[in-house]
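The values are calculated or read from the model by the stated rules, or taken from the named source; none is laboratory data. Note that the structure is a prediction, hence the values are computed from the model and not measured. Because the Cβ atoms are built from the backbone with ideal geometry, glycine has one as well, and the counts that use them run over all protein chains shown. Just the protein is used for accessible areas: all its heavy atoms, side chains included, with ligands, DNA and RNA removed. Shrake-Rupley method; radii C 1.70, N 1.55, O 1.52, S 1.80 Å.
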Amino acid sequence: LITDVRLRRVLDSRGNATVEADVLTESGGFGRGKAPSGASTGEYEAIELPATEAIANAREDAIPRLVGEVHAGNQRDVDAALHAADGTDDFSGIGANSAVAISMAAAKAGADVLGAPLYQHLGGTFRGNEYPTPLGNIIGGGEHAADATNIQEFLAAPVGAPSVEEAVFANAAVHQEVHDILADRDLPAGKGDEGAWAPSVSDDEAFEIMDEAVETVADDFGFAIAFGLDVAGAELYDADEDGYVYDDGVKSTAEQIDYIAEKVEEYDLVYVEDPLDENDYEAFADLTDRVGDQTLVCGDDLFVTNVERLQAGISAGAGNSILIKPNQIGTLTDAVDAIELATESGYESVVSHRSGETEDTTIAHLAVATDAPFIKTGAVGGERTAKLNELIRIEDNAV
Ligand code: PGA
Ligand code: ZN
């Protein structure tokens, strides 16, 4: 039984305030969770409140429904109590940031009581033998960095890696290789919010640089490394222009579909996230018809980890995979429900960080617990390596 829930304000990777939750149980269990925060957030995401407000509201409404009432090990009860305390359909009452921090803290307390790794508590005893391929953010712009590429993320995908450990090191090597290529071309670059290089180059040049870097590192490491994109299409789409606004002009929806399909062909992209606007199921379906057997067409802002939006997408044939971000929907239960619907419907799940992150490692465990084929959690930087290093430990049976 939960005996105490403590909430506090802590820093995230951008230096903003976020919510940290501690959950304590009668039998001495302890868990701590921290909420991440997006910058290119989807229109339909659960609502993040200012941290102080989220904490005040959760103290008033959620904690009384948890303490002395619910077992930390029963995740569905914990998350149902959070929904009941909130009373809205978008967590605007207690804040999705308070909700997700408490949900993750309770899961860890539940695992602690069992003396089991979190992935096993969440996924069961037969989990922990398959590991996700990490998608590493190498070059980026969009809402994550000024004066860089229009496409938000160019992601290395070490699809041939024999282990998580090798895959994680391959992504770091691609990141380093891109640094060297940029230096050779006299293109100084800072980093965006997720640690990706943010050079002032055209999208076309970024494609070339990625292609060169993954090939070089693939040769060094001796296994295949592909790459993919998070276009963050909703951020490029402008309804007034009726198209996707790039530095070099506006593309109509039909042109955007052609552009992405051509890039998939030219570079053998294995992954394209949010290639189109978050309201355009039809365009997603058109692109999926064209390239869905060659690449993952993934909905992030399109689906926002929401089973209803995913169901609409499945019915429309929009995409063939879903990005899973627990804070987009507010609880681990909701996130797992989305993964289960995806799996039943032949959609792949890609578990993901946010651009604003913390040292929390829950998503590494969630990916292993659900046999997700991919995890997107950066390539470098402490808040990203927290998850990547946890995956290495999980693979090494050291958690
Ligand atoms: P966000 O970006 O966390 O800023 O929303 C990540 C993504 O779009 O996948
Ligand atoms: Zn995205």
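Filtering segment 310-346 to residues that are part of a loop (DSSP other than H, G, I, E, B), more than 12 Å from ligand 1 (Cβ to nearest atom) and surrounded by 24 or more Cβ atoms within 10 Å (Cβ to Cβ) leaves Ala318, Gly319, Gly330, Thr331.
Quick one: Leu366 ticks every box in (1) part of a helix (DSSP H, G or I); (2) open to solvent by less than 20 Å² (accessible area, probe 1.4 Å); (3) more than 27 Å from Arg9 (Cα to Cα) bar one, so which box is it? Evaluating Leu366 over (1) part of a helix (DSSP H, G or I); (2) open to solvent by less than 20 Å² (accessible area, probe 1.4 Å); (3) more than 27 Å from Arg9 (Cα to Cα) leaves (3) as the failure. Counting only residues that are open to solvent by less than 10 Å² (accessible area, probe 1.4 Å) and of a type outside the set (Phe, Trp, Tyr), which one in segment 228-244 is farthest from ligand 1 (Cβ to nearest atom)? In this case the residue turns out to be Gly243.
Looking across segment 173-202, the residues that are out of contact with any Lys or Arg (no Cβ under 9 Å at 6 or more places or on another chain) and either within 16 Å of ligand 1 (Cβ to nearest atom) or acidic (Asp, Glu) (or both) come down to Glu177, Asp180, Asp184, Asp186, Lys191, Gly192, Ala196. For Ile260, the conditions (1) within 13 Å of ligand 2 (Cβ to nearest atom); (2) over 18 Å from Glu45 (Cα atoms) all hold with the exception of (1). Each residue in segment 139-198 was checked for being farther than 17 Å from Leu236 by Cβ and either free of Cβ contacts under 8 Å to residues at least 60 places away in the same chain or open to solvent by 20 Å² or more (accessible area, probe 1.4 Å) (or both), and 30 of them qualify.
A residue that is within 23 Å of Gly136 (Cβ to Cβ) and either among the acidic types (Asp, Glu) or within 14 Å of ligand 1 (Cβ to nearest atom) (or both) occurs nowhere in segment 279-289. Which of the residues spanning segment 253-296 are open to solvent by 40 Å² or more (accessible area, probe 1.4 Å) and of a type in the set (Phe, Trp, Tyr)? Once the filter is applied, which keeps residues that are open to solvent by 40 Å² or more (accessible area, probe 1.4 Å) and of a type in the set (Phe, Trp, Tyr), segment 253-296 yields only Tyr281.
A single entry from Gly115, Gly128 fulfils the requirement of being over 19 Å from the mean Cα position of the chain (by Cα) and either modelled with pLDDT of 95 or more or within 16 Å of ligand 1 (Cβ to nearest atom) (or both): Gly115.
Among the residues in segment 94-107, are any surrounded by fewer than 23 Cβ atoms within 10 Å (Cβ to Cβ) and touching a Ser or Thr at 6+ places or on another chain (Cβ under 6 Å)? Scanning segment 94-107 turns up no residue that is surrounded by fewer than 23 Cβ atoms within 10 Å (Cβ to Cβ) and touching a Ser or Thr at 6+ places or on another chain (Cβ under 6 Å).
Of all residues in segment 268-310, exactly one satisfies the criterion of being farther than 25 Å from Thr333 by Cα, within 15 Å of ligand 2 (Cβ to nearest atom) and among the hydroxyl-bearing types (Ser, Thr, Tyr), namely Tyr271. Within segment 214-242, being more than 24 Å from the chain's Cα centre (by Cα) and either assigned to a helix (DSSP H, G or I) or touching a residue at least 60 places away in the same chain (Cβ under 8 Å) (or both) holds for Glu215, Thr216, Val217, Ala218, Asp219, Asp220, Phe221, Phe223. Could you please let me know if Ile2 is of a type in the set (Val, Ile, Thr), at pLDDT 95 or above and over 25 Å from the mean Cα position of the chain (by Cα)? So Ile2 passes the test.
Against the test of being under 28 Å from Tyr237 (Cβ atoms) and either in contact with a strand residue (DSSP E or B) (Cβ under 7 Å, 6 or more places away or on another chain) or open to solvent by less than 20 Å² (accessible area, probe 1.4 Å) (or both), the options Ala46, Ala62 yield a single qualifying residue, Ala46. Quick one: would you say Thr88 is of a type in the set (Ser, Thr, Tyr) and surrounded by 24 or more Cβ atoms within 10 Å (Cβ to Cβ)? Judged against the criteria, Thr88 is not a match.
Each row is one residue, and each column tells you yes or no for (1) in contact (Cβ under 8 Å) with a residue 24 or more places away in the chain; (2) acidic (Asp, Glu); (3) within 16 Å of ligand 2 (Cβ to nearest atom).
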site	(1), (2), (3)
Glu344	no, yes, no
Glu348	yes, yes, yes
Thr377	yes, no, yes
Arg393	no, no, no
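Of all residues in segment 297-309, which are open to solvent by 10 Å² or more (accessible area, probe 1.4 Å) and in a loop (DSSP other than H, G, I, E, B)? Residue satisfying the conditions is Asn306 alone.
Remark: pairs (first residue in segment 51-79, on the phi < 0 side of the Ramachandran plot; second residue open to solvent by 40 Å² or more (accessible area, probe 1.4 Å); Cβ separation under 6 Å; 6+ apart in sequence or on different chains) = Ala51/Arg9; Ala51/Ala17; Val70/Asp77; His71/Leu1; Gly73/Val113.
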